[in-house]
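This report refers to the structure that appears directly beneath it.
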Amino acid sequence: LCAIDIALKAAPTLSNLRLEFSTQSYYCRHALISIFQQCRSIRQLQLVGCEFEVDPVATPLKSFPSLNRLELVRCRGNILSFLEQIAIPNLQAFSYESGRENAQESEGIIMAIALKYPTLKSIRLEANFDSSASLIQAIEGFPDLEKMVFRKMGGGLVLSRTDILSLRRLKHLDIDCAVEADALSALTTCKSLKSLRVIEWDLKEVLPAIGGNLVRLTIEKGSVGIDRVILKYCVDLQYLEIG
C-alpha cells in the first residue's frame, strides 16, 4: 500500500509506470483509477499480474494521449474486454506475456490488438500458439511493424515458407519457434532485416540467405564452424552476442 501511495503522489509527473497488484482489491482498484486520472505525461505503462474483472479499470486510460507503449505481464481475467475499452491513439509498442491462457485466448488477444492498433511498430509476445495462422495474420495487420519478439509457451507452432515471406518488412526479428525445412530460403526476401535472434533455426542455413543485411546477431549457443559462416556472410555485422 505504501508503494501505491507513492505512485499516487508522483502520478502527475510520471513518464514511466509499472504497477503490480490485483485489481480485484477494492483499494487497489480505486487507487489505480486515481493514478490513471492523474497521469497526463505517461509514455510507458506496464501492468503486472492484474486480474481484470468483467468491468475492468479501463476508462481512465482514454485520457493518455502521450502513452506509446503498453505492457501486459501475466495479467488474467477479462483481458479482451479491457483491450476493447481502452483507446490509446499514439500506441507504438505492445508487449504481452501470457497469464496461463490457452492458445485460443492468446490468439484472440493478439488479433484484438491487430484490429485496433494497426500502426504498431513493435510487438513482443510470450504466449501459446498452436498454429501460425493467427500469429501471421496479426503480423500482416501491422503494415508499419518493424520489430517482433516472440517467445512461445508451449503449442506446436512451426513457420512455413509463406509465414517467412510475411516477415519481409521487419527490421528486428527475435523468434522462438520451429521452421519447416524448406522455408529458410525465403529469408532472402527479408531485405530490411538488420537484427536477428533465433532459437530453433539452423544459422548455417539462415546466414547465407540474410547475413549480408545484418548489423546485430544474437546466438543462444555456438556450433562447430559457425564462426566461419559469420565471418563469410555477415560482412556488416557490428554487434554479436553469443550465449
* Of all residues in region 62-99 being charged (D, E, K, R) and either crowded, with 18+ Cβ neighbours inside 10 Å or not in a helix (DSSP H, G or I) (or both), the one that is farthest from the chain's Cα centre (by Cα) -> ARG76
* Structure fact -> Within region 167-192, the residues that are more than 23 Å from GLY156 (Cβ to Cβ) and either at pLDDT 95 or above or open to solvent by 10 Å² or more (accessible area, probe 1.4 Å) (or both) are ARG168, ARG169, LYS171, HIS172, THR188, THR189, LYS191, SER192
* Asked: Which of the strands (runs of 3 or more DSSP E) contained wholly in region 100-218 include at least 3 residues that are under 15 Å from the mean Cα position of the chain (by Cα), more than 24 Å from LEU231 (Cβ to Cβ) and among the aliphatic types (A, V, I, L, M)?
  -> 122-127
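Of all residues in region 75-123, which are of a type outside the set (A, V, I, L, M), more than 24 Å from PRO65 (Cβ to Cβ) and in contact with a Phe, Trp or Tyr (Cβ under 8 Å, 6 or more places away or on another chain)?
Keep residues of region 75-123 that are of a type outside the set (A, V, I, L, M), which gives 75-78, 81-82, 84-85, 89-90, 92, 94-102, 104-108, 116-119, 121-122.
If we keep only those that are more than 24 Å from PRO65 (Cβ to Cβ) too, we end up with 76-78, 97-102, 104-108.
Listed by number, the residues that qualify are ARG76, GLY77, ASN78, SER106, GLU107.
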* Structure fact -> Residue pairs qualifying under the 6 Å Cβ cut-off, at least six apart or on distinct chains, with the first in region 136-148 being open to solvent by 80 Å² or more (accessible area, probe 1.4 Å) and the second being polar (S, T, N, Q), are GLU140/SER166; LYS147/SER122
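Could you list, in sequence order, all residues of region 104-113 that are open to solvent by 10 Å² or more (accessible area, probe 1.4 Å) and hydrophobic (A, V, I, L, M, F, W, C)? Working first, answer last.
To start, the set of residues in region 104-113 that are open to solvent by 10 Å² or more (accessible area, probe 1.4 Å) comprises 104-105, 107-108, 111-112.
MET111, ALA112 - these are the residues of region 104-113 that are open to solvent by 10 Å² or more (accessible area, probe 1.4 Å) and hydrophobic (A, V, I, L, M, F, W, C).
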* Just for region 149-166: of the residues that are closer than 19 Å to GLU220 by Cβ and of a type in the set (A, V, I, L, M, F, W, C), which one is most open to solvent (accessible area, probe 1.4 Å)? -> MET153
* Structure fact -> So, first residue over 19 Å from GLY156 (Cβ atoms) and among the charged types (D, E, K, R) in region 84-112, second residue open to solvent by 30 Å² or more (accessible area, probe 1.4 Å) and in a strand (DSSP E or B), Cβ within less than 9 Å, six or more apart or across chains; the pairs are GLU97/GLU71; GLU97/ARG124; GLU97/GLU126; GLU97/ARG151
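The values are calculated or read from the model by the stated rules, or taken from the named source; none is laboratory data. Since the structure is predicted, the reported quantities are computational estimates derived from the model, not experimental observations. Here the Cβ is made from the backbone with ideal geometry for all residues, glycine too, and neighbour counts use every protein chain on show. SASA here: full protein model, heavy atoms, side chains in, ligands and nucleic acids out. Shrake-Rupley method; radii C 1.70, N 1.55, O 1.52, S 1.80 Å.
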